[in-house]
Amino acid sequence: MHQLSPGELSILLVEPSDTQRKIIIASLKNEGILKIETAGGFDEARQILTEHKPDLIASAMHYSDGDALKLLTYIKSDSRCQDIQFMLVSSECRREQLEVFRQSGVVAILPKPFSKEHLGKALNATIDLLSNDELDLDHFDVQDLRVLVVDDSRMARNIIRRTLSNLGMRQIVEACDGAEAIELMREQMFDLVVTDYNMPSVDGLALTQFIRNESQQSHIPILMVSSEANDAHLSNVCQAGVNALCDKPFEPQLVKQILYQLLDAN
């Protein structure tokens, strides 16, 4: 299966500062990225998107006519742009300001200034999301695996679904929260649950407790995807029986390694 190289990626950089634009372009070129278009703000970016669909948008947090959230919402609501990956490049470090981006399925959040390692990881995650690299499992045919994806963010579910599909998984069922997941698990059997932590109604911890203590599928592997930084919360989740934890935004290669460990250990 063909694996994309950085030189094949096309990127739209949305950055109002000329200086920052030059710095980021130089960093991208150092990584082998040659197809780079630039925009100074929301309207200019939207115009470019009507003419050309890049693989990845790298965006600053704020511009004079909007912000990254406005642009992210726009591309996720336009059927022609929904497959474009989105990377935030921002000096913002307050967790509450970044949470909406973590929950919405961005491929990476890079600090300003970012390191070569930061950028390399983000580009590799983008390439993984655009490439097919099927899992080769000893004990399962990956296409037969029945997966339940649970997240209250449709955009986050789309990213998880795409990652799993690229690994060869075809039987993917979605639930918008833990309550819907519980109903589905009462009706269907699954081989893997991938769930968010923070959800209204029934959260990831409560869902895990149901699976381990009340369901007919108590031994099913559970991968929790979370932006949660609270150690006590994460400790509770692990004690409840989650098999593996993965950060938001997650790296597809890390997800692949975790799934190998979860599914081939049985």
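In this view, the solvent-accessible surface of LEU135, computed with a 1.4 Å probe and all protein chains in place, comes to about 10 Å². Short-range pairs are left out: with C-alpha atoms under 8 Å and at least six residues apart, the relative contact order of region 119-229 is 25 percent. Pick out which of PRO54, PRO221, PRO113 has the largest mean-square fluctuation in a Gaussian network model of the chain, springs linking Cα atoms closer than 10 Å. Of PRO54, PRO221, PRO113, the most mobile in the Gaussian network model is PRO113.
Ligands, DNA and RNA excluded, the heavy atoms of LYS256 present near 30 Å² of accessible surface to a 1.4 Å solvent probe. For region 23-154, DSSP calls about 20 percent of its internal beta bridges antiparallel.
About its Cα centre, how strong a charge dipole does region 98-153 have in debye, to the nearest 20, once Lys and Arg get +1 and Asp and Glu get -1 at the Cβ?
Working: 5 positive and 11 negative charges, 117 e Å.
With Lys and Arg at +1 and Asp and Glu at -1, about 560 debye.
Across the chain, Cα pairs under 8 Å and at least six residues apart give a relative contact order of 15 percent.
Express the Stokes-Einstein translational diffusion coefficient of region 63-155 in µm² s⁻¹, to the nearest whole number, given a Kirkwood radius over alpha-carbon pairs, 10 °C and a viscosity of 1.306 mPa s. Translational diffusion coefficient: 102 µm²/s. Any idea what diffusion coefficient region 128-266 gets from Stokes-Einstein, in µm²/s, Kirkwood Rh on alpha carbon pairs, 20 °C, 1.002 mPa s? Here the translational diffusion coefficient equals 144 µm²/s.
In terms of the ratio Rg/(2.2 N^0.38 Å) built on C-alpha atoms, what value belongs to region 6-136?
Working: Rg = 13.9 Å, N = 131, 2.2 N^0.38 = 14.0 Å.
After normalising by residue count via 2.2 N^0.38 Å, the value is 0.99.
Rounded to the nearest 20, the size of the Cβ-charge dipole of region 1-155 about its Cα centre is 600 debye, with Lys and Arg at +1 and Asp and Glu at -1. Quick one: if the Förster radius is 51 Å, what FRET efficiency do ASP18 and LEU254 give, using the C-beta to C-beta distance and rounding to 0.05? Efficiency, from the Cβ-Cβ distance: 0.90. Taking GLU99, GLU214, GLU180 as the candidate residues, the one with maximal mean-square fluctuation in a Gaussian network model of the chain, Cα springs under 10 Å, is GLU214. With protein chains left intact and a 1.4 Å probe, residues in region 50-206 average 44 Å² of accessible area per residue.
Filter the cross-link list LYS70/LYS116; LYS29/LYS121; LYS29/LYS70; LYS29/LYS248; LYS70/LYS112; LYS116/LYS248 down to pairs whose alpha-carbon distance in this structure exceeds 25 Å.
Numbers: LYS70/LYS116 28 Å; LYS29/LYS121 15 Å; LYS29/LYS70 27 Å; LYS29/LYS248 27 Å; LYS70/LYS112 20 Å; LYS116/LYS248 20 Å.
Long pairs (Cα-Cα over 25 Å): LYS70/LYS116; LYS29/LYS70; LYS29/LYS248.
Only Cα sites of the chain enter the Debye sum here, all with the same form factor; the resulting log10 I(q)/I(0) across q = 0.08, 0.13, 0.16 1/Å is -0.34, -0.86, -1.20, listed in q order. In percent, rounded to a whole number, the relative contact order of region 1-99 is 28, using alpha-carbon pairs under 8 Å and six or more apart.
Using only the Cα atoms of region 1-76, build the gyration tensor, take square roots of its eigenvalues as a ≥ b ≥ c, and label the shape rounded, prolate or oblate: rounded if a/c is under 1.5, else prolate if a/b is larger than b/c, else oblate.
On the way: a/c = 2.25, a/b = 1.36, b/c = 1.65.
It comes out oblate by the Cα gyration axes.
With the whole protein complex present, ASP128 retains an accessible surface near 30 Å², based on a 1.4 Å probe. Other residues lying with their Cβ under 15 Å from the Cβ of ILE127 contribute a combined charge of -3, Lys and Arg counting +1, Asp and Glu -1.
Largest to smallest in accessible area, the residues MET169, MET155 fall in the order MET155, MET169 (1.4 Å probe, all protein chains included).
The values are calculated or read from the model by the stated rules, or taken from the named source; none is laboratory data. Computed from a prediction, not measured in an experiment: that's the story for all the values here. Glycine gets a Cβ as well: all are built from the backbone with ideal geometry, and neighbour counts include every protein chain shown. Accessible surface is based on the protein model in full, side chains and every heavy atom, while ligands, DNA and RNA are left aside. Shrake-Rupley method; radii C 1.70, N 1.55, O 1.52, S 1.80 Å.
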